[in-house]
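The values are calculated or read from the model by the stated rules, or taken from the named source; none is laboratory data. Because the structure is predicted, anything quoted here is derived from the model rather than measured. Cβ atoms come from the backbone with ideal geometry, glycine included; neighbour counts cover every protein chain shown. Just the protein is used for accessible areas: all its heavy atoms, side chains included, with ligands, DNA and RNA removed. Shrake-Rupley method; radii C 1.70, N 1.55, O 1.52, S 1.80 Å.
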Amino acid sequence: SRWGDGQRHREERRRGSETLEPPSGTGVYGPEESQQVVFGDVCPLLTSLIDGYNVCIMAYGQTGCGKSYTMLGPHSKEERIPPWGPHSDLGIMPRAAAELFRLIAENPSRRLQVDLSIVEVYNNNIFDLLAKARGMAASGCRREALTTKDARREVPLLTREPVHSAEDFVALAAGSLRLRAELATLVHARSSRSHLIITATLTRGPAAGGSPADQQAERPPLEGRPASGSRGGASCGRAPAGSPGAQQLKEQVHAKLQLVDLAGSECAGVSGVTGSALRETSFINRSLAALADVLGALSERRGHIPYRNSQLTHFLQDVLGGDAKLLVMLCVSPCRKHVAETLRCLGFGARAKQVQRGQASGGSPAPRKPR
């Protein structure tokens, strides 16, 4: 059956449900449980996002095990995300978009605005897919994550498009996802060759009749920053619709949501890749190892966190450390021949679970202002 077939993934979970035990204290989804049930455990994180926490939801696992299905839902070659509307197999991304805008509509006094950016990390290079979707040459879509003096991560010239509804969110994402690097291998007919990161940045809109000084004073601080960062507000350029890059004017960020569909870990001997595809596999596995190293350093509360060992971890710096909220969806193969990779995946989950949220200094995070 084609990739994205929900019945296929339910059947795979059924066949593999009796062989291995997950890390204690984690949620396990049975073969008959729907995407809606899975999203039920994700949904509370959207409330934390509205409250000012940075949130990251990522899918991790071996290639061909259902990460894109979990994050995006079923798709065919012509249609990467199902049409908007009631759909039992909608993934986390469209459901999160719907919940985000529902929460924003519940309290319009917050004046929250949403900007969307979409990148892929391919061969340890960051590519702006929104810029690429406008026809920009690949060389002009390359971006680089930088660390500011106060230990925050910024990506100069990254395109950010304002979105005003869940439908706009999903449509913009669907257009960019067609440009993601893919390749047919012996394991997967449409193997993702890059890490996909969809970032929704929440900012506060101007108050009606308020002065710029008043607007600046009432904006909340950015929460969930890297542990080594200061507690002051973060600033970043806002790219106007229709053009990449950032304006010189600075704005206060309320919080960020990052939805991450990681490329799958891969054994070249099993997937049968050679040449440039083998090089892609090497970069994928090295970046996943760097992500595991960062989580290990955070769980052991080391003084140095190696974010900059990979463009993937550097880009995700704001949502891996500090008091950000991180949820990892582990997607594993039911096949006995992949048991070593499955155990490695469960070990990654156990490491992520050991990460304690909060500042590296051990102090309590500054209390949030009532909103």
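Estimated from the Cβ-Cβ distance and a Förster radius of 22 angstrom, the FRET efficiency linking Leu278 and Arg336 is about 0.30.
In this label model, Glu32 and Arg357 are separated by 3.3 nm, measuring between points 7 Å along each Cα→Cβ vector.
Working from label points 7 Å from Cα in the Cα-to-Cβ sense, the Leu157 to Ala138 distance is 1.7 nm. Within the accessible area of the stretch 101-156, the carbon and sulfur atoms contribute 51%, probe 1.4 Å, all protein chains present. Inter-label distance, Leu179 to Thr147: 2.9 nm, where each label sits 7 Å from its Cα along the C-beta direction.
Peptides 127-139, 319-331 ordered by packing proxy, namely the average of other Cβ atoms within 10 Å per residue, highest first: 319-331, 127-139.
First compute the accessible area of the stretch 297-362 with a 1.4 Å probe, then give the percent of it belonging to carbon and sulfur atoms. Can you show the working numbers first?
Numbers: 1490 of 3200 Å².
The computed percentage sits at 46.
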